[in-house]
């Protein structure tokens, strides 16, 4: 005499044989995709096998009075899960697409920047140390002439001369 679990698996096997083709066709019409339909049809029967209320200890020999209606309910829940999962994935992809791309200069821009930096380095290298320091304080730190004069312990007039000298050097190298 076969066990209750064996009978249950035979009954589910018979249910699968009789209704899998119909369920797969129904899902294909609903989803418009044969691959998703095949996956959900298979998942429907896996859910049926894993359902705790159909274990032999709880129900013994069970039969479905409306098997297609029951299978449809399970399949609809699986479709809802599929749509919810895809909606979440799409929202994530949309959020990623809305994020700004990291800004990186093109190779041409990189070459221009490098050439410009080399020119500035050459220009600064040709200046006396106090003139270079005053120019960098003004350009990089945004300090005014009075602040530069205080930091370098020179007069404001000297800082102006330094700046004229540095700017003249920039103009000479730009030509």
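The values are calculated or read from the model by the stated rules, or taken from the named source; none is laboratory data. Please read these numbers as outputs of a predicted model, since none were measured by experiment. Quick reminder, even Gly has a Cβ in these numbers, built from the backbone with ideal geometry, and neighbours come from all protein chains shown.
Among the residues making up the stretch 113-124, those that are surrounded by 12 or more Cβ atoms within 10 Å (Cβ to Cβ) and without any contact (Cβ under 8 Å) to a residue 40 or more places away in the chain are 120, 124. From the residues in the stretch 139-150 that are at pLDDT 90 or above and assigned to a helix (DSSP H, G or I), which one is surrounded by the fewest Cβ atoms within 10 Å (Cβ to Cβ)? Ranking the qualifying residues of the stretch 139-150, first place goes to 146.
Scanning the stretch 125-138 for residues that are farther than 18 Å from residue 153 by Cα and crowded, with 18+ Cβ neighbours inside 10 Å gives a single hit, 127.
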